[in-house]
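Structure record follows, encoded as structure tokens.
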Amino acid sequence: MESKALLLLALAVWLQSLTASRGGVAAADHRRDFIDIESKFALRTPEDTAEDTCHLIPGVAESVATCHFNHSSKTFMVIHGWTKTRLQPSLWLALAVHGTSATLAKCLSGYTKLVGDRDCEEFNYPLDSVHLLGYSLGAHAAGIAGSLTNKKVNRITGLDPAGPNFEYAEAPSRLSPDDADFVDVLHTFTRGSPGRSIGIQKPVGHVDIYPNGGTFQPGCNIGEAIRVIAERGLGDVDQLVKCSHERSIHLFIDSLLNEENPSKAYRCSSKEAFEKGLCLSCRKNRCNNLGYEINKVRAKRSSKMYLKTRSQMPYKVFHYQVKIHFSGTKSETQTNQAFEISLYGTVAESENIPFTLPEVSTNKTYSFLIYTEVDIGELLMLKLKWNSDSYFSWSDWWSSPGFAIEKIRVKAGETQKKVIFCSREKVSHLQKGKAPAVFVKCHAKSLNKKSGW
């Protein structure tokens, strides 16, 4: 517990430093000296969490003894990437540790390639006690550091690893699954073409998690950026760029603050399939926790996982797959139709959740994903409404299209429970722009096992 609290503190200090750091990385050559490397290695311990108790000097092995490191305890090292002012790489590091080693410090300083793997083993530090966390460029620095050790470090967490110059780079020059016993990655700002997005798009770990599809994060819109600039001035204009990129850090901090109720991510072949609700399975390690309490599942291929989040802490939401069969005697097809669904449970309710179906046709079944920001408990009832195209629509005035719906199936991702809802009237007639249809939990005798529902 102490180690988690200390890691949380280090991440908070680290996040604050992103708006204040001015240091840069000197041009690296192949000499094994550290004179021109501008790095800071700050140690904090459980005994004194408010102040840096010691600074590790790159290339000075004696600093290990001077700082009284405990080599038997777990070590966290966090490495940030881009500075606020000039978007240049900076390797300010915070060691949130019970003990650490000068060897790792040497490996990480000056973009790590300056040091060979022989130096990284010099002090025989137990690398299975090391967890490296790197943000943006720092994620790749952590990966390179891990690759330079003869024995692998325990874990590397990449927080939205940088994309430019790394999207098409070979594994030795970027973060990769070979850099640690376990590598987990959060991708939060992959918008843009490959190689030009702020965050790397391709999977580079054992588990790669793409919150909200990874392209853009809720709350990080232009309107919000304009509001921040209006309140704080043009000095915060970079918030538009930073918001989604830095969300990876906030998500990891959130996993420490709310470790008893972690956010769930789900393995899926694509974000499009995830949006259809087709991937909410936890069988055979198909779901996992986001952040610190992730289950260290290693497979031959990287696992791409997805989830939705709120726009602020706590970020956890509750995912549901909804499956509806639209029937009717008249053949009809509607495109880009807006609906609202309301869920009612034993604990709470979540009303008027909007969703859009690209197409709705007679005698077809559609699956889609919705999520709630509150835990509503066991599902009891739902309402489904088909919205009009506008408040006053001539087409809906003369004839309102509709479908017949007998049952609706809902699967909860977090509990893995499936509930089938039946119409109160055996069959509900859902009409566009009219009153919502109401469905309640089906009785066992009303379920037909042959229907596949």
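Tabulate in residue order the Karplus-calculated ³J(HN,Hα) for segment 412-429, using 6.51 cos²θ - 1.76 cosθ + 1.60 with θ = phi - 60°, rounded to whole Hz; enter x for Gly and Pro.
8, x, 5, 9, 6, 8, 10, 10, 10, 9, 10, 5, 5, 10, 6, 9, 9, 9
Binning at 10 angstrom from zero up to the longest distance, how are the C-alpha pair distances of segment 296-422 distributed in percent?
10, 37, 31, 17, 4, 1
Plugging the Kirkwood radius over Cα pairs into Stokes-Einstein for segment 256-333, at a temperature of 37 °C and a viscosity of 0.692 mPa s, what D comes out in µm²/s?
Rounded, D is 226 µm²/s.
Considering the zone a paramagnetic label at HIS429 would reach in this model (a point 7 Å from Cα along the Cα-to-Cβ line), which residues of segment 350-370 have amide N under 18 Å from it?
Output list for this probe position: 362-363.
Using the structure shown, select from LYS304/LYS385; LYS364/LYS434; LYS264/LYS432 the pairs with a Cα to Cα distance greater than 28 angstrom.
LYS304/LYS385; LYS264/LYS432
What full-extension length gain, to one decimal in nm, is calculated for SER390 and ALA444 as 0.36 nm per residue of separation minus the Cα-Cα distance?
Between SER390 and ALA444, full extension yields an extra 15.5 nm.
Please find the FRET efficiency linking PHE216 to THR66, where r is the Cβ-Cβ separation and R0 is fixed at 51 Å, and quote it to the nearest 0.05.
The formula returns an efficiency of 0.65 here.
How do 145-154, 278-287 rank on mean C-beta neighbours within 10 Å, highest first?
145-154, 278-287
Between SER361 and MET313, what is the label-point separation in nm under the 7 Å Cα-to-beta-carbon projection?
Rounded to a tenth, the inter-label distance reads 4.8 nm.
Taking R0 as 45 Å, what FRET efficiency do you get between ALA338 and SER73 from their Cβ-Cβ distance, rounded to the nearest 0.05?
0.25
So if I take the centroid of the Cα atoms in segment 259-331 and the same for segment 168-208, what is the distance between those two points in Å?
So the separation of the two Cα centres works out to 20 Å.
No value in this document is a laboratory result; all are computed from the given coordinates. Keep in mind that this is a model prediction, so the values were computed, not measured. Glycine gets a Cβ as well: all are built from the backbone with ideal geometry, and neighbour counts include every protein chain shown.
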